[in-house]
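The values are calculated or read from the model by the stated rules, or taken from the named source; none is laboratory data. Keep in mind the model is a prediction, meaning the values are calculated, not measured. Cβ placement follows ideal geometry from the backbone for every residue including glycine, while neighbour counts extend to all protein chains displayed.
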Amino acid sequence: MSIQLDVQIVSNSLDIPKASEFKNWADLVPIDYETSICLRIVDEHEAKTLNKKYRKINKATNVLSFPAEIPSHLQIDFLGDIVICAPIVTLEAQEYNKDLNNHWAHLFIHGILHLQGYDHEKEIDAEKMESLEIKILHSLGISNPYEAT
């Protein structure tokens with residue numbers, strides 16, 4: 001099946017992948033039904049505001065996922081929202097010597113998996129989620145992002 005994608009870019013960053021790249025990455029994530037996602041690319045102020053409000057952490061972060069909370073009696077195929085902070089993605093790629101486009105792909109795929117209920121709070125869950133991320137990224141020719149470079 002596939003994911004329809006609504007991309008909102010409200011960041012001033014110039015090195016954001018095209019919407020078509022995000023769509024290609026989304027198509028690689030296994031999903032058993034048709035659904036949609038809203039991807040919002042933001043700057044640090046909005047990322048910090050959302051992180052503080054929803055996670056009680058007063059700093060910007062790279063990616064936030066907000067699974068949709070739709071009552072079961074409604075027939076709406078919406079998986080949720082992903083918010084990615086463009087300046088943080090760029091900073092992390094430089095800091096960890098990662099290819100910028102590959103880091104974008106990783107964080108976006110990571111966000112989609114969170115929307116599907118994957119998490120990394122417990123070690124066994126982290127291994128399952130990371131294993132799937134690595135497999136998807138490998139199909140793009142991207143090496144394991146969890147290995148030191």
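Of everything in the stretch 1-30 that is free of Cβ contacts under 8 Å to residues at least 40 places away in the same chain and of a type in the set (Ser, Thr, Tyr), the residue that is surrounded by the fewest Cβ atoms within 10 Å (Cβ to Cβ) is Ser20.
Between Leu39, Leu64, Leu50, the distinction of being in a helix (DSSP H, G or I), within 26 Å of Ser20 (Cβ to Cβ) and at pLDDT 95 or above belongs to Leu50 only.
Only residues that are more than 15 Å from Asp15 (Cβ to Cβ), touching a Phe, Trp or Tyr at 6+ places or on another chain (Cβ under 6 Å) and small (Gly, Ala, Ser) were counted in the stretch 77-122, giving 1. Would you mind stating whether Ser36 is within 13 Å of Thr90 (Cβ to Cβ) and either in contact (Cβ under 8 Å) with a residue 60 or more places away in the chain or touching a Leu at 6+ places or on another chain (Cβ under 8 Å) (or both)? So Ser36 fails the test. Can you say whether Asp81 is farther than 25 Å from Gly141 by Cα and not in a loop (DSSP other than H, G, I, E, B), as far as the supplied structure shows? Yes; evaluated as a whole, the condition is true for this residue.
Of these, Glu121, Glu130, which one is farther than 15 Å from Lys18 by Cα and assigned to a loop (DSSP other than H, G, I, E, B)? Unique residue meeting the criteria: Glu121. Step by step: first the residues of the stretch 84-118, then only those that are among the polar types (S, T, N, Q) and part of a loop (DSSP other than H, G, I, E, B), then the one that is nearest to Glu46 (Cα to Cα). Which residue is that? Selected residue: Gln116. Just one of the numbered conditions (1) more than 15 Å from the chain's Cα centre (by Cα); (2) surrounded by fewer than 19 Cβ atoms within 10 Å (Cβ to Cβ) is not true of Glu130: (1).
Is it the case that the stretch 92-103 has a residue that's surrounded by fewer than 21 Cβ atoms within 10 Å (Cβ to Cβ), at pLDDT 95 or above and closer than 18 Å to Asp6 by Cα? For the stretch 92-103, residues surrounded by fewer than 21 Cβ atoms within 10 Å (Cβ to Cβ), at pLDDT 95 or above and closer than 18 Å to Asp6 by Cα: absent. Inside the stretch 67-76, can you point out the residues that are under 19 Å from Gln8 (Cβ atoms) and either of a type in the set (D, E, K, R) or assigned to a loop (DSSP other than H, G, I, E, B) (or both)? Listed by number, the residues that qualify are Ala68, Ile76. Within the set Leu50, Leu115, the sole residue that is within 23 Å of Asn24 (Cβ to Cβ), in contact (Cβ under 8 Å) with a residue 12 or more places away in the chain, crowded, with 17+ Cβ neighbours inside 10 Å and in contact with a strand residue (DSSP E or B) (Cβ under 6 Å, 6 or more places away or on another chain) turns out to be Leu115.
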